[in-house]
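Undergrad: Handing you a structure now.
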């Protein structure tokens, strides 16, 4: 004999798993597009930032699927840091690197636009910070017994 609670929890699980599958497919498509473009574009192209943007955007569906706000903040801060390192590495002299790493340094400077990383990192950080602040305010509002009394009394006054 099935109960309504079992049906609703099964419905939530199937909805959640469907959303997870959609997020995974969207991420895989964005990552595949970014990888394919990385092999097609020469480093002198004005669109060299697009492969990195697609690769970073591939994390967005997964971050939306994962409801917590702090991963957005961490993702954004790490991307800002990577963008800063990409900017700095471009101007470091080759004499600071072993001979084997000069080629890798040149690749990073030519194929990875630092501002793409910084802008996406900034947007993700701001979104994560906004969600985090919203969650803190909602949590504080729920914890305050006076706010729940006020909302109950306002509901009673409406009736």
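Nothing in this text is a laboratory measurement; each read-out follows from the coordinates by a stated rule. Keep in mind the model is a prediction, meaning the values are calculated, not measured. Heads up, the Cβs are rebuilt from the backbone with ideal geometry, glycines too, and the neighbour counts pull from every protein chain shown.
Undergrad: Between residue 41 and residue 77, what FRET efficiency follows from the Cβ-Cβ distance if R0 is 22 Å, with the result rounded to 0.05? All intermediate terms of the calculation are to be shown ahead of the outcome.
TA: On the way: r = 28 Å, r/R0 = 1.26.
Once the sixth-power term is evaluated, E becomes 0.20.
Undergrad: Report the FRET efficiency, 1/(1 + (r/R0)^6), for residue 133 and residue 99, where r is their Cβ-Cβ distance and R0 is 35 Å, rounded to 0.05.
TA: On the way: r = 49 Å, r/R0 = 1.39.
Calculated value: 0.10.
Undergrad: Then there is this: Hey, how many Å between the Cα centroid of the range 29-52 and the Cα centroid of the range 54-133?
TA: 16 Å
Undergrad: What distance in nm separates the simple spin-label points at residue 88 and residue 28, each placed 7 Å from Cα in the Cβ direction?
TA: 3.8 nm
Undergrad: Among 100, 110, which comes first, second and so on when ranked by fewest other beta-carbon atoms within 10 Å?
TA: Numbers: 100 7, 110 13.
Lowest count first: 100, 110.
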